[in-house]
Amino acid sequence: MTPYLLSGVRLHFDKVRNTNVLLAPERALMLDGVSYEILRRVDGTKSVVEIVGDLARAFDAPAEVIRGDVDAFLNDLKTQLLVGDRDA
Amino acid sequence: MPEPNPPIALLAELTHRCPLMCPYCSNPLELVQKQQELTTDTWTRVFREAADIGVLQLHLSGGEPASRRDIVELTAAAHAAGLYTNLITSGIGLTQARLADLVNAGLDHVQLSLQGARPEMADRIGGYKGGYDRKMRVAELVTDAGLPLTLNAVMHRQNLADLGQTLDLALSMGARRIEVACVQFHGWATRNRASLLPTESQVEQLKKDIAIARDTYRNRMAIDFVPPDYYSDFPKACMGGWGSTGLVVSPAGQVMPCHAADSIPGLAFESVADRHLGEIWRSSHAFNAYRGTDWLPQPCQSCERRDVDFGGCRCQAAALAADPGATDPVCRKSPYRPKVDAMIEDMTNGARASDLTYRKFG
Ligand code: SF4
Ligand code: SF4
């Protein structure tokens, strides 16, 4: 899977709440640190494997553990029609 | 009063002008005239103030927002302020060139209203001949421009049988989301209750159909459902709680906690012309009147749902119990509930159904 943000879905830094948010039609999802680090790497060119490898290096954590979190998070966003898959 | 959280959404009712005349329109019976509308400069300032106090989502609405000649300028101003900008439109007045200008100005999303799934129905309900065809064309322009499209379909007694057709149409129009919104009785809609209020059996069927449809359309189109007024056992949390997540600015600049708040007697609204939006949000009488839960009467005060629905809708309490501070009369625990049941019976037995009263300037 090579995830991308669907049109009209974008990251935004909320300076009032001092947090990152994902803005989308009728939605504003407040992002925690992990979610933001994942979404920041979702650009429609990197595959999930590359995103996971990148996160594993950056946070010095085992890729298998990260892989589970990334899959669960991105699948959830897919069913919410916020994220698509270039390979699909 | 503790400091309220920052608001997330602003509904900007740019104008009450609209080429359509939907009988379920939630605009107030007393419509704001063009001469009283806020100027481009004032709206621009309001958008900046909104972003400064934490608003993330801006809904450009009306009336028909495209009736404003400065709609492109206003969209650009909203975008420059950093707001996620949604255009809530009937589509009338959006040409290919105008839509391209809106996209360039930074428009993020379009929500298109659907008056019916068939041309005869749509044009009869909207009171605008040819409206359906124009709308289909606009949907095409929106998706061609790469913007996400949401359809908003108001469902009522006269079109609930078309639900399946409505969903199929939405998907074929390229919609990513559809809001199936049962008619809400505010403004002009209250004049048409006897003709539009769904029957109990329609509501039962609708709930089943929605559950099945969500499955059928999974991963292709999201379905948001606004359940009908009057039929549930417990009320909805209006606006996610009074003065807790959003605000509404009327065409003339009045700042309100919900789009129907001007139907509530006794509230004093302030104008964006006089004070900063943030001060109004924090301290105006209208926002603090029903904010939080301290003001709630019994049975809400000792109810386990107190922090779930905050006692329900103030407009509904004002309309059905003649007391805006009462427990929402729709609630099974409200002493007014039997009156609501009697009203449903009276409004749906057909005896009082009549010609539709269309929304228009008086
Ligand atoms: S509900 Fe109909 S009449 Fe009212 S603003 Fe929307 S399109 Fe216009
Ligand atoms: S009693 Fe009040 S708080 Fe409890 S469900 Fe009814 S309206 Fe909501």
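The values are calculated or read from the model by the stated rules, or taken from the named source; none is laboratory data. Just so it is clear, the model here is predicted, and its values are computed rather than measured. Note that we place each Cβ from the backbone using ideal geometry, even for glycine, and neighbour counts take in every protein chain shown. In case anyone asks, the SASA skips ligands and DNA or RNA and just uses the protein heavy atoms, side chains included. Shrake-Rupley method; radii C 1.70, N 1.55, O 1.52, S 1.80 Å.
List of remarks:
- Within region A:52-78, restricting attention to residues that are within 14 Å of chain B (Cβ to nearest Cβ) and buried (at least 16 other Cβ atoms within 10 Å of the Cβ), the residue that is farthest from residue A:8 (Cα to Cα) is A:74.
- Flag if residue B:344 is outside any loop (DSSP other than H, G, I, E, B), touching a Phe, Trp or Tyr at 6+ places or on another chain (Cβ under 8 Å) and closer than 30 Å to residue B:48 by Cβ: no
- Single unsatisfied condition, residue B:89 versus (1) open to solvent by less than 10 Å² (accessible area, probe 1.4 Å); (2) of a type in the set (S, T, N, Q); (3) touching an Asp or Glu at 6+ places or on another chain (Cβ under 6 Å): (3)
- Note on region B:184-202: residues that are open to solvent by 20 Å² or more (accessible area, probe 1.4 Å) and closer than 16 Å to residue B:340 by Cα amount to 6.
- Residue among B:336, B:290, B:358 that is in contact with a Gly (Cβ under 8 Å, 6 or more places away or on another chain) and more than 16 Å from ligand 1 (Cβ to nearest atom): B:290
- Scanning region B:268-288 for residues that are outside any loop (DSSP other than H, G, I, E, B) and open to solvent by 40 Å² or more (accessible area, probe 1.4 Å) returns B:270, B:279, B:282, B:283, B:285.
- A Cβ distance below 7 Å, combined with a sequence gap of six or more or placement on separate chains, defines the contacts here; from region B:202-224, residues that are more than 10 Å from chain A (Cβ to nearest Cβ) reach residues that are aromatic (Phe, Trp, Tyr) and part of a strand (DSSP E or B) in the pairs B:210/B:225.
- Subset of region B:211-267 (residues that are open to solvent by 60 Å² or more (accessible area, probe 1.4 Å), within 16 Å of ligand 2 (Cβ to nearest atom) and assigned to a helix (DSSP H, G or I)): B:239
- Residue list for region B:296-331, restricted to those being in a loop (DSSP other than H, G, I, E, B), over 19 Å from residue B:193 (Cβ atoms) and either hydroxyl-bearing (Ser, Thr, Tyr) or within 9 Å of ligand 2 (Cβ to nearest atom) (or both): B:296, B:297, B:298, B:299, B:303, B:304, B:305, B:310, B:311, B:327, B:331
- Among (1) at the interface with chain B (Cβ under 10 Å from one of its Cβ atoms); (2) farther than 29 Å from residue B:10 by Cβ, the one test that residue A:81 misses: (2)
- Among the candidates A:48, A:42, residue that is surrounded by 17 or more Cβ atoms within 10 Å (Cβ to Cβ), touching a Ser or Thr at 6+ places or on another chain (Cβ under 8 Å) and away from chain B (no Cβ under 14 Å): A:48
- Only a single criterion out of (1) part of a helix (DSSP H, G or I); (2) more than 16 Å from ligand 1 (Cβ to nearest atom); (3) within 14 Å of the chain's Cα centre (by Cα) is not satisfied by residue B:207, namely (3).
- Some residue of region A:7-26 being away from chain B (no Cβ under 14 Å) and either under 28 Å from residue B:53 (Cβ atoms) or at pLDDT below 95 (or both): no
- Pairs where the first residue, in region B:8-23, is away from chain A (no Cβ under 14 Å) and closer than 19 Å to residue B:130 by Cβ and the second is among the hydrophobic types (A, V, I, L, M, F, W, C) and open to solvent by 40 Å² or more (accessible area, probe 1.4 Å), C-beta under 9 Å, 6+ apart: B:17/B:361
- Residue within region B:155-170 that is of a type outside the set (S, T, N, Q), within 14 Å of chain A (Cβ to nearest Cβ) and over 16 Å from residue B:122 (Cα atoms) present: no
- Qualifying residue in region B:141-153 (condition: of a type outside the set (Val, Ile, Thr), away from ligand 1 (no atom under 16 Å from the Cβ) and touching a His at 6+ places or on another chain (Cβ under 6 Å)): yes
- Per this entry, residue B:342 is not counted among residues that are away from ligand 2 (no atom under 16 Å from the Cβ) and within 20 Å of residue B:240 (Cβ to Cβ).
- Members of region B:41-77 found to be touching a helix residue (DSSP H, G or I) at 6+ places or on another chain (Cβ under 8 Å), open to solvent by less than 10 Å² (accessible area, probe 1.4 Å) and under 21 Å from residue B:279 (Cβ atoms), listed by number: B:43, B:46, B:47, B:50, B:58
- Being of a type outside the set (Asp, Glu) and more than 27 Å from residue B:153 (Cβ to Cβ) holds for only one residue in B:96, B:111, B:35, B:115, and it is B:35.
- Residue B:62 vs. criteria in contact with a strand residue (DSSP E or B) (Cβ under 7 Å, 6 or more places away or on another chain), at pLDDT below 95 and either among the acidic types (Asp, Glu) or within 16 Å of ligand 1 (Cβ to nearest atom) (or both): yes
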